[in-house]
Amino acid sequence: MESQSQTQTTPPETPKRSPFTGIFHKLKTNLAFRSKLAEVNGAMGDLGTYIPIVLALTLAKDLDLGTTLIFTGIYNAVTGAVYGVPMPVQPMKSIAAVAISSTAEEFGIPEIMAAGICTGGILFVLGISGLMQFVFNVIPLSVVRGIQLSQGLAFAMSAVKYVRKEQNFSKSKSVGDRPWFGLDGLVLALACVLFIILVNGDGEQEEEEEEEERSGSRRRRWVWIRKVVSNVPSALLIFLLGVVLAFIRKPSIVYGIKFGPSKIKLVRMDKEAWKNGFLKGAIPQLPLSVLNSVVAVCKLSHDLFPEKKFTATSVSMTVGLMNMVGCWFGAMPTCHGAGGLAGQYKFGGRSGGCVALLGVAKLVLGLVLGSSLVGIMEKFPVGVLGALLLFAGIELAMAARDMNTKGDAFVMLVCTAVSLGSNAAIGFVAGIVLYVVLWMRNYGRVKPTGLPLQVDQHP
C-alpha cells in the first residue's frame with residue numbers, strides 16, 4: 001500500500017494566472033468594435049454639444065483649445081477602456097454658462113478652472129465615500145426620467161434654435177434669422193436633418209430576417225436596400241461636410257493653421273478666483289453634475305447596455321479625477337452626460353472603442369494643430385451642428401417612454417416642466433416632493449408591489 005501511494009502521480013499544477021491578464025482581457029473587450037463603420041459614426045454623435053460650448057469658451061474667455069483637446073482626448077480613451085460603453089466627455093454646462101455671461105474680470109480662466117476643481121473634488125468625495133451610490137439607489141426612477149426628459153428637450157430646443165437662427169457663441173445668443181440658402185443656410189440644415197432621418201429612422205432595430213422570410217422577392221429587395229442605407233455613416237458624413245464647408249466659407253483659414261501643440265502651463269488661481277469659482281461656478285454646477293452626469297448616465301447606461309456593470313461610485317470618481325487633474329493646466333471642466341451617451345448610441349456607438357477613437361482623434365488634433373483649430377471651428381456651419389444635436393436630444397428624451405403608470409408619468413412630467421422653467425436642481429426637488437406626497441396619499445390604498453417607484457396603479 002505504501003509503495004502504491006508513492007508511485008501515484010500527482011496531477012500537474014495549473015500555471016498561475018497573472019492578475020494583469022484579466023485586466024488586459026477586459027480592456028481589450030471594452031475597446032473591441034461591434035461594427036467598425038457604425039462605431040466611427042457614433043463617435044460623431046456628441047459633437048453637437050461639444051463644439052458649440054468649447055468654441056464659445058475659446059472665443060469669449062481665451063480657453064486654450066489645444067490643451068483642452070489633449071486632455072479630453074485622454075479622458076475619452078481612458079473612460080472608453082474602463083467602462084466599455086460610449087461614455088461621453090462633455091463640457092460642464094453650468095460653469096460654461098456663467099463664464100460666457102460674465103466679464104473676464106468677474107469670471108475668467110482662473111475662476112473657470114477653480115470651479116472645475118471644486119466640483120470635481122466634491123464629486124470624487126461623494127463617490128469614494130459611497131454617498132453617490134446611495135443617492136443613485138434611493139432616487140425614484142420617475143424623477144430620473146424627468147431630468148432626462150427635460151435635458152433631452154433642452155438639447156432639442158437648442159438644436160432648433162441653431163437651425164433657425166444665426167448664433168454668436170462668444171455672447172451665447174442668437175443674432176438673427178438664418179438665411180434660406182448659402183453654405184450655412186436653412187436649406188442645408190434641413191437637408192442634414194432629413195438625411196439623418198432617412199438613414200437612421202427612429203432608431204429601432206428591425207427584424208430583417210423574419211421580414212425576409214415572410215415577404216416575396218420584391219419585398220426582400222427593398223429590405224436589402226433599406227439595410228444598405230441604414231449602414232451609411234450619416235453623422236460622420238455630415239461632420240466631414242461641415243469641415244469642407246468651413247474651408248469653402250473662409251479659404252484663408254488655411255494660412256492660420258500652425259503645427260505643434262499648445263504650451264501646457266499651470267493656471268494661477270488666487271483666493272478671489274477660488275472664492276468666485278466655488279460660489280458662482282461649482283455650486284450651480286453640482287446639482288446638474290450629480291443628476292445628469294452621474295445618476296442619469298448610470299441609469300441610461302443600464303438601460304442601453306444591461307450587460308455592462310459599473311456603479312455610480314466609479315462614474316462620480318472618474319468625473320472628479322478628470323477635473324482634479326486637467327483643470328490645473330487650463331483644460332475645460334468636463335463631465336459625463338446622458339445627452340452625449342444618447343447621441344453616440346443613436347448614431348451607432350456600442351462600445352468603449354467608439355469614444356476611444358474619438359479621444360485619439362482629439363489627442364492627435366491637439367498635438368498636431370493645437371489652438372489653430374479655432375479658425376476652422378468658427379466657420380463650421382452651425383445649422384449642421386444643430387442637426388446632430390437635435391437627434392441626440394430626442395434620443396435622450398425617448399428614454400422616458402417606459403413610464404407606464406399614471407402616477408409615474410405625472411411625477412416625471414412635473415419634474416420636467418419645473419426643470420425646463422427653472423433648472424434641474426429645482427426640478428429634482430419638485431419631483432421628490434411630489435413623489436413623497438403621492439406615496440403618502442396612496443399609502444394603504446395601493447397594493448404593495450415591492451417596487452418603490454409605483455405611486456399609482458391606475459392607468
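Go through F410, F391 for me and flag whichever is open to solvent by 10 Å² or more (accessible area, probe 1.4 Å), assigned to a helix (DSSP H, G or I) and farther than 30 Å from L240 by Cβ. Unique residue meeting the criteria: F410.
Looking only at residues of the range 280-332 that are among the basic types (K, R) and in a helix (DSSP H, G or I), we find that the one that is least open to solvent (accessible area, probe 1.4 Å) is K299. The set of residues in the range 253-284 that are modelled with pLDDT of 90 or more and of a type in the set (S, T, N, Q) contains only N276.
What do you reckon, is E106 in contact (Cβ under 8 Å) with a residue 40 or more places away in the chain, exposed (fewer than 13 other Cβ atoms within 10 Å of the Cβ) and in contact with a helix residue (DSSP H, G or I) (Cβ under 9 Å, 6 or more places away or on another chain)? Yes: the conditions hold for E106. So is D270 of a type in the set (D, E), more than 18 Å from M132 (Cβ to Cβ) and within 20 Å of the chain's Cα centre (by Cα) or not? When the stated conditions are applied, D270 does not pass them. Considering only residues in the range 161-196 that are open to solvent by less than 50 Å² (accessible area, probe 1.4 Å) and assigned to a helix (DSSP H, G or I), the one that is farthest from D62 (Cα to Cα) turns out to be I196. G146: open to solvent by less than 40 Å² (accessible area, probe 1.4 Å) and within 17 Å of T313 (Cβ to Cβ), yes or no? Judged against the criteria, G146 is not a match. Among the criteria (1) modelled with pLDDT of 90 or more; (2) open to solvent by less than 20 Å² (accessible area, probe 1.4 Å); (3) touching a Ser or Thr at 6+ places or on another chain (Cβ under 6 Å), the one Q133 does not fulfil is (2).
The values are calculated or read from the model by the stated rules, or taken from the named source; none is laboratory data. It should be emphasised that the depicted structure is a prediction, and the values quoted were computed from it without experimental measurement. Note that each Cβ is placed from the backbone with ideal geometry, even for glycine, and that neighbours are counted across all protein chains shown. For accessibility, only protein heavy atoms count, side chains too; no ligands or nucleic acids. Shrake-Rupley method; radii C 1.70, N 1.55, O 1.52, S 1.80 Å.
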